[in-house]
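To start, the structure itself, in structure tokens.
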Amino acid sequence: VYTQILHAIASWHVQQPYETGQEANRNNLITAKELCDEAIRRFPKSYGAAHCKVLLAAILEKNFSVQVELVNLPGQPSLMKVNYRNVGKLYFKVVQLEEADIEALHNRNGYSEDGPAFTKRKKSVLSWSLALPATEDYREHTTETIISKLPLGYYAVLAAEDEKFDKGKKAAVYA
């Protein structure tokens, strides 16, 4: 019963909304993680600990996405929005597309099982990495990075946690 109570309290903390400036709820995910850790440590085979393991996995889950403008001026740098959670570093590369590639990409909404094959077929015209600001609160954060100037053409920006862009090991997305 003790671990079920800890799980219920941890779940309540996870569900509390946090908006910038609401310092009272800022550390709710940290508190929830600590409660789950205690339940798992004290009674690892209990019903409540099993639920805490699931909740803990959700709190610790890594996630990121990128967003770029559909059209940018040729020869001018552009900004890319990066949303991330529990990720310390991302790798980026820009590949040039043919017109035939564009329709295929639109049908995938930025995610694809064959993403790594796509990256291996296309030559990278630009690549860089970004060390993301460290966070200890398990919440989603947003930052921006600059895409260096590119000539006129169609491009896709690929992002991954792995510098080899191997989706099988870590997540990879494109925009």
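Looking for whichever is farther than 28 Å from Y154 by Cα, in contact with a helix residue (DSSP H, G or I) (Cβ under 9 Å, 6 or more places away or on another chain) and open to solvent by less than 90 Å² (accessible area, probe 1.4 Å) here; the options are Y18, Y47. Which one fits?
That would be Y18, the only listed residue that is farther than 28 Å from Y154 by Cα, in contact with a helix residue (DSSP H, G or I) (Cβ under 9 Å, 6 or more places away or on another chain) and open to solvent by less than 90 Å² (accessible area, probe 1.4 Å).
Name the single residue that is nearest to T135 (Cα to Cα) among those in the stretch 6-37 being modelled with pLDDT under 90 and not polar (S, T, N, Q).
Once the filter is applied, the top-ranked residue is R26.
L55 - would you say it is closer than 18 Å to A159 by Cα, at pLDDT 90 or above and either aromatic (F, W, Y) or surrounded by 16 or more Cβ atoms within 10 Å (Cβ to Cβ) (or both)?
Spelling it out, it is not the case that L55 is closer than 18 Å to A159 by Cα, at pLDDT 90 or above and either aromatic (F, W, Y) or surrounded by 16 or more Cβ atoms within 10 Å (Cβ to Cβ) (or both).
What number of residues within the stretch 62-82 satisfy the criterion of being open to solvent by 40 Å² or more (accessible area, probe 1.4 Å), over 8 Å from the mean Cα position of the chain (by Cα) and in contact (Cβ under 8 Å) with a residue 12 or more places away in the chain?
Residues flagged as open to solvent by 40 Å² or more (accessible area, probe 1.4 Å), over 8 Å from the mean Cα position of the chain (by Cα) and in contact (Cβ under 8 Å) with a residue 12 or more places away in the chain within the stretch 62-82 amount to 8.
Could you please let me know if I40 is in contact with a Leu (Cβ under 6 Å, 6 or more places away or on another chain) and modelled with pLDDT of 95 or more?
No: the conditions fail for I40.
Has the stretch 83-90 got at least one residue that is modelled with pLDDT of 85 or more, open to solvent by less than 40 Å² (accessible area, probe 1.4 Å) and among the basic types (K, R)?
no
Under the condition of being touching a Phe, Trp or Tyr at 6+ places or on another chain (Cβ under 9 Å) and more than 10 Å from T3 (Cα to Cα), which residue from the stretch 28-44 is surrounded by the fewest Cβ atoms within 10 Å (Cβ to Cβ)?
Result: I30.
The values are calculated or read from the model by the stated rules, or taken from the named source; none is laboratory data. Just so we're clear, the structure is a prediction, and the values are computed from it rather than from any experiment. In this analysis, Cβ positions are derived from the backbone assuming ideal geometry, glycine residues included, and neighbour counts consider all displayed protein chains. In case anyone asks, the SASA skips ligands and DNA or RNA and just uses the protein heavy atoms, side chains included. Shrake-Rupley method; radii C 1.70, N 1.55, O 1.52, S 1.80 Å.
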